Amino acid sequence: MGLQNKYTLWVVALVIMSNSSIAQQEEMEDIAESAISHEQASQQDINEMLGTGFTKKYNINSITETMLENLFFLKPNQVKQFILYRKNFGDFISLMELQAVPDWDPFTIRKILPLLTLETELPLVPAIKQRIKEGGHRLLYRTGGQSIKTNENQDTSRHQYKQLVSYRFNFRDLLRWGITVEKDAGEKSVADHYSLFASISKKGILKNMVLGDYTVNMGQGLIHWQGYALGRSSNMMSAYRQGELFRPHTGTDENRFCRGIAVQLQKNAVELAAFVSNKKIDANIISDTVTNKAWASSLLLSGLHRTKNELMDKKALQAFIVGANLKVNSKIGKTSLNFIHTAFDHPIKKREMPYNRFAISGRQWQNASIDHAVSTRVGFLFGEVALDKQRNRAMIAGLIKSLGPSLDVAMLYRNMGVTFRSLASNAFSERQESGNEKGFFFNINYMPNPRHRFEIFVDQYQQDWPTFSTPGKKMGNIYSFQYTYRPNKKTEMYGRIQSDNNNLKLRIHASFMPLPTLTCRLRNEMINIQSVSRKIERGQFAYLELIYKPPLAPFSASIRYSFFDTDGYATRIYAYERDLPAYYAVPPHYGEGTSAYLVVQYKLGKSLQCAGKWSMDKKKNEWRAQVIWQWGS
């Protein structure tokens, strides 16, 4: 009887974890859809969030404060309480012990459970030999193609395939290395892009060192932020930029990363970091045959090299970057000084258009800033004040406050001067770039009990100078209200209504489990916008999705059928699609038609995982296949 009870409890725990995993997946999908909906998708690679996709697990007894911050949905006070609890009471003996951590509610625990594991802890700073011997390896191969007519003259059909080979070694994030070889569909090269890195952490005063390719994230994104960041949404953490200063570049972005060396030292409460990068990036180079001069008219970020013009722009501009960071930690938070200098081998000279009046020009550019993130009685305060080469200013100031166990608020004020510019910014703003914007963001989350959750945000902003998409001064008002109802652990429904400058968006979404092995999702979304000519354009999108995922089986599958009918591209609607592990897709739906896809995954033991996806609509049929081989610890 005792063995039977243990088996029953084990099965129940697996079912709960399966439900939590689905909830976590939906959380990540919502984050991606939010970023895409605000035109920030092309600027980010969501796979950078966890480095290896959504399947990475952390040991609950060794996960660091920075790793917790990288999960995006944890509030600063929750991260602080977790670290204090583990420090005061010792290692966790069960994942269910999370219920005892102050400020950790069932909603948060449900989302984080799929990302945590409980393991016997090794020595805090193991020797290098031990790190190499006991580390884990992952080899990934992905390919795919599509049957679509093209006017481009390709040599063979195989060039239409997308190819990716990725190898990773990781020992508890203390020792890592990896290499990525990638080619996009339509590119003629067998391997169009190479990326490699090696990093070591927590060795004496060396907190972190990365050789090769890496991303740099400073402050609140005013002067430099290359990693992933949340888009504007009702997520309480969307206003706050958080992440590691240096992180190995594990995504497939071909331009937004550094190549060289980055070193971060720590002695007690003081941290000192510096980095050097020298790499070529894609740019449009204009040559004047009369004066024999050349300049870059624009920096290109797509990473696509399929046509003659795209190949001419490939790695056409040399970029040399140096930067430094000085951080002082205290019991209540941290304060940092940041500096970055960028030099090019060709000057930047953009077209003479009104929106380029204050654009960066010349061969070099500098930015400096000071940022802080501290916990006070008033709440969690964060912000950044920045200067550019011409001493133009920008600032961000925010507050996150828990008014009770069920009520949280966030506020953010931004004032970025019309003339302020930085090369690799990713700040909280309408355009994501720093400069030419003033605004105030207010967010409130209220959860009176686990069944009901209300999320509201308001964002008002003003742009005083023309932008590429707006010929004159622009004032914006965005209002969003979302209500989520969870009658039980197997069912979730939410409705969202959002007004963006008189453009209305409405979404109704439901997810439930009629069987322990089956999840069903339904969504209906509508959008109404007013065009420049005052004409009202409308769009509608709906889908039905079935996800089959037995808790104890190596096989899982999901199928979705979608219908869409919009008046044009302006009323496009984005929807996250389930895809291969460590990959994602959020395509726009516009025009009139239907689409469908099937995703299948199968695990062959503990080390080998195969996955495939087939999708179709009226324009194309597309397929992807992937194999992941993992070995070691």
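The values are calculated or read from the model by the stated rules, or taken from the named source; none is laboratory data. Quantities reported herein were computed from a predicted structural model and do not represent experimental measurements. Positions of Cβ are generated from backbone atoms using ideal geometry, with glycine treated the same way; all protein chains shown enter the neighbour counts.
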Total residues in segment 210-226, condition under 15 Å from Asp253 (Cα atoms) and in contact (Cβ under 8 Å) with a residue 60 or more places away in the chain: 5
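Yes or no, residue by residue, for (1) surrounded by fewer than 24 Cβ atoms within 10 Å (Cβ to Cβ); (2) modelled with pLDDT under 95; (3) not in a loop (DSSP other than H, G, I, E, B):
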{"residue": "Met209", "(1), (2), (3)": "yes, no, yes"}
{"residue": "Val216", "(1), (2), (3)": "no, no, yes"}
{"residue": "Tyr228", "(1), (2), (3)": "no, yes, no"}
{"residue": "Arg241", "(1), (2), (3)": "no, yes, no"}
{"residue": "Thr250", "(1), (2), (3)": "no, yes, no"}
Assess whether Ala582 counts as being under 25 Å from the mean Cα position of the chain (by Cα), closer than 21 Å to Gln163 by Cβ and part of a loop (DSSP other than H, G, I, E, B). yes
Among what's in segment 300-326 and is part of a strand (DSSP E or B) and free of Cβ contacts under 8 Å to residues at least 60 places away in the same chain, pick the residue that is nearest to Glu69 (Cα to Cα). Leu326
Suppose the filter is without any contact (Cβ under 8 Å) to a residue 60 or more places away in the chain and of a type outside the set (Ser, Thr, Tyr); does Val378 pass it? yes
Can you pull out the residues in segment 349-372 that are modelled with pLDDT of 95 or more and touching a Ser or Thr at 6+ places or on another chain (Cβ under 8 Å)? Gln364, Trp365, Gln366, Asn367, Ile370, Asp371, His372
All but one of (1) charged (D, E, K, R); (2) in contact with a Ser or Thr (Cβ under 9 Å, 6 or more places away or on another chain); (3) surrounded by fewer than 20 Cβ atoms within 10 Å (Cβ to Cβ) hold for Lys203; which doesn't? (2)
Scanning segment 310-344 for residues that are more than 19 Å from Ala424 (Cα to Cα), at pLDDT below 95 and of a type outside the set (D, E, K, R), which turns out surrounded by the fewest Cβ atoms within 10 Å (Cβ to Cβ)? Ser330
When you go through Arg110, Arg138, Arg86 one by one, which is the residue that is at pLDDT 75 or above and touching a strand residue (DSSP E or B) at 6+ places or on another chain (Cβ under 8 Å)? Arg138
Which one is surrounded by the most Cβ atoms within 10 Å (Cβ to Cβ) among residues in segment 608-633 that are among the polar types (S, T, N, Q) and in contact with a Gly (Cβ under 9 Å, 6 or more places away or on another chain)? Gln626
Sort out which residues of segment 88-100 are over 21 Å from Met447 (Cα atoms), among the hydrophobic types (A, V, I, L, M, F, W, C) and not in a loop (DSSP other than H, G, I, E, B), and write them in order of number. Phe89, Leu95, Met96
Output yes when any residue across segment 252-263 is aliphatic (A, V, I, L, M) and part of a loop (DSSP other than H, G, I, E, B), and no when none is. no
Say we look at segment 569-593 and pick out the residues that are of a type in the set (Gly, Ala, Ser) and more than 21 Å from Leu139 (Cα to Cα); which of these is surrounded by the most Cβ atoms within 10 Å (Cβ to Cβ)? Ala575
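Yes or no, residue by residue, for (1) closer than 20 Å to Ser511 by Cα; (2) aliphatic (A, V, I, L, M):
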{"position": "Glu545", "(1), (2)": "yes, no"}
{"position": "Pro554", "(1), (2)": "no, no"}
{"position": "Thr566", "(1), (2)": "no, no"}
{"position": "Arg578", "(1), (2)": "yes, no"}
{"position": "Ala582", "(1), (2)": "no, yes"}
Taking the criterion of being among the charged types (D, E, K, R), more than 23 Å from the chain's Cα centre (by Cα) and modelled with pLDDT under 95, would at least one residue in segment 281-294 satisfy it? yes
Would you check which residues across segment 101-117 are among the hydrophobic types (A, V, I, L, M, F, W, C), out of contact with any Leu (no Cβ under 6 Å at 6 or more places or on another chain) and assigned to a loop (DSSP other than H, G, I, E, B) and list them? Val101
Suppose the filter is closer than 21 Å to Ile456 by Cβ, modelled with pLDDT under 95, out of contact with any helix residue (DSSP H, G or I) (no Cβ under 9 Å at 6 or more places or on another chain) and outside any loop (DSSP other than H, G, I, E, B); does Leu412 pass it? no
Across segment 415-433, what is the total count of residues that are at pLDDT 90 or above and over 15 Å from Ser233 (Cβ atoms)? 13
Can you find even one residue in segment 348-369 that is more than 23 Å from Gly260 (Cβ to Cβ), of a type in the set (Phe, Trp, Tyr), in a strand (DSSP E or B) and touching a Leu at 6+ places or on another chain (Cβ under 9 Å)? no
Only one of Gly221, Gly186 is assigned to a loop (DSSP other than H, G, I, E, B) and surrounded by fewer than 24 Cβ atoms within 10 Å (Cβ to Cβ). Can you tell me which? Gly186
Looking only at residues that are among the aliphatic types (A, V, I, L, M) and surrounded by 16 or more Cβ atoms within 10 Å (Cβ to Cβ) in segment 295-309, which one is modelled with the highest pLDDT? Ala296
